[in-house]
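Read through the structure below, which is laid out as structure tokens, and then see the notes.
The values are calculated or read from the model by the stated rules, or taken from the named source; none is laboratory data. As the structure is a computational prediction, the values presented were derived from the model and not from experiment. Don't worry about glycine lacking a Cβ; one is built from the backbone with ideal geometry, like all the others, and counts go over all protein chains shown.
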Amino acid sequence: MKNIMKYKGYWAKIEYSDEDECFCGEIEGLKNDSISFEGETVKELKKDFKDAINHYLSVCKATNTEPEKQCKGSLNVRLGVELHNKAKMKSIEKNISINELIKEAVALYLKTN
């Protein structure tokens, strides 16, 4: 994936700040914690990214706190009435839950893109 760094199960979108003349990133999807990092070079950026995550995990361990996960495995999707009705009818036709239908659709989409 473009502009995404991954380490120890965490990922972040990377951007370039023309104003600060550096690369910067923030771990996406954390509700209670904030982990950001930066670097003037890709090498510095990667090091700061790994250091930030390692620091976060060591603080969690020292305070006996469970590290926050970016994705919980559930989400609320607003489809609109027409698409929701079509999805529900298709799930009945396939004799599966609408949740299973949406999981199948997302998995298929990710395989083809």
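General observations
- Odd one out for residue 51 among (1) in the same structural domain as residue 16 (by TED's automatic domain parsing); (2) surrounded by 10 or more Cβ atoms within 10 Å (Cβ to Cβ); (3) in a loop (DSSP other than H, G, I, E, B): (3)
- Considering the range 54-72, and only residues there that are assigned to a loop (DSSP other than H, G, I, E, B) and not polar (S, T, N, Q), the residue that is modelled with the lowest pLDDT turns out to be 72.
- Counted residues, the range 18-40 - those being hydroxyl-bearing (Ser, Thr, Tyr) and without any contact (Cβ under 8 Å) to a residue 12 or more places away in the chain: 1
- Options 32, 99, 76; residue that is surrounded by 10 or more Cβ atoms within 10 Å (Cβ to Cβ) and either part of a loop (DSSP other than H, G, I, E, B) or at pLDDT below 95 (or both): 99
- Candidate set from the range 1-29 (those that are acidic (Asp, Glu) and not in a loop (DSSP other than H, G, I, E, B)); member that is farthest from residue 69 (Cα to Cα): 15
- Across the range 75-113, the number of residues qualifying as touching a helix residue (DSSP H, G or I) at 6+ places or on another chain (Cβ under 9 Å), under 30 Å from residue 27 (Cα atoms) and of a type in the set (Gly, Ala, Ser) comes to 1.
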